[in-house]
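Engineer: Below you'll find the structure I mean.
Throughout, read-outs are computed from the coordinates displayed, never taken from laboratory work. These numbers come from a predicted model, not from an experiment. Every residue, glycine among them, receives a Cβ derived from its backbone with ideal geometry; neighbour counts consider all protein chains shown.
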Amino acid sequence: MRTIDDRIVHELNTTIPTASFVGKIDASQTCKELYQSLMDAHTNRERIIKNCIAQTSSVVKTLREEREKAQDDAALLKQLRKEQTKVFNERCRIHYKPPKSQ
C-alpha cells in the first residue's frame, strides 16, 4: 500500500522535466496526476486500516460477550486475551514495547 509513497522522489525525478525539457512535458498536469495518485492511495490505505480495526474490534466485542456468558471458560479467556494483545500490538507497536514476561 505504501509503494507510491516510497517511490515519490523517484516519481518526481522521472516525471518533472528538467530545464531543457520544460516545453515538451506538461509539468502541471503531471504533478496533478501524481498528486491524485497519492490522494487515492492514502484514501484507500485509510479505508483498509479502518476496516481492519473494525473487524478486530468486532471479534473482541463478540469474545467479551461470550466471556460474560461463560466466565469459567479458560479457552475463551485465552482467545480473548490473544485478540486484545493483537489489537494492542497493532496500535502501539511503534510507540511502546512492553517488557517480556518473566
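Engineer: For n ≥ 4 DSSP H runs only, could you compute -39500 (n - 2.57) per run for the chain, divide by its residues and tell me the 222 nm figure to the nearest 500? Working shown, then result.
Structural biologist: Working: 4 runs with 74 residues, N = 102.
One gets -24500 deg cm²/dmol as the mean residue ellipticity at 222 nm.
Engineer: Express in nm, to one decimal, how much length is gained between residue 46 and residue 73 on full extension, taking 0.36 nm for each residue of separation and deducting their alpha carbon distance.
Structural biologist: 6.1 nm
Engineer: Another question, if that's okay. Can you give the angle from 0 to 90° between the axis of helix 27-69 and the longest principal axis of the chain, with both taken from C-alpha atoms, to the nearest 10?
Structural biologist: That helix lies at roughly 0 degrees to the long axis.
Engineer: Now for a different question. Using DSSP to define loop residues, name the trypsin sites (Lys or Arg not before Pro) in the stretch 67-102 whose beta-carbon has at most 12 other beta-carbon atoms within 10 Å.
Structural biologist: Here the sparse-neighbourhood loop sites are 93, 100.
Engineer: Which lysines have a Cα lying under 26 Å from the Cα of residue 82, excluding residues fewer than 8 positions away in the same chain?
Structural biologist: 50, 61, 69, 97, 100
Engineer: Can I ask one more? Mind pulling the per residue volume of the convex hull built on the Cα atoms of the chain? Å³ is fine.
Structural biologist: 122
Engineer: Work out how much length residue 86 to residue 10 would gain on full extension: take 0.36 nm times their residue separation and subtract the Cα-Cα distance, in nm to one decimal. Spell out each step's value before the answer.
Structural biologist: Values: separation 76, 0.36 × 76 = 27.36 nm, distance 3.51 nm.
Between residue 86 and residue 10, full extension yields an extra 23.8 nm.
Engineer: Under a cut-off of 19 Å between alpha-carbon atoms, report the aspartates and glutamates in cross-link reach of residue 32, not counting same-chain residues fewer than 8 places apart.
Structural biologist: The qualifying aspartates and glutamates are 5, 6, 11, 40.
Engineer: How would you rank 33-40, 56-63, highest first, on the average number of other Cβ atoms within 10 Å across their residues?
Structural biologist: Top of the packing list down: 56-63, 33-40.
Engineer: Please state the relative contact order of the chain as a whole percent: Cα pairs under 8 Å, 6+ residues apart?
Structural biologist: Reported as a whole number, the value is 21 percent.
Engineer: Between residue 94 and residue 66, 0.36 nm times their residue separation minus their Cα-Cα distance comes to what?
Structural biologist: Full-extension gain reported as 7.0 nm.
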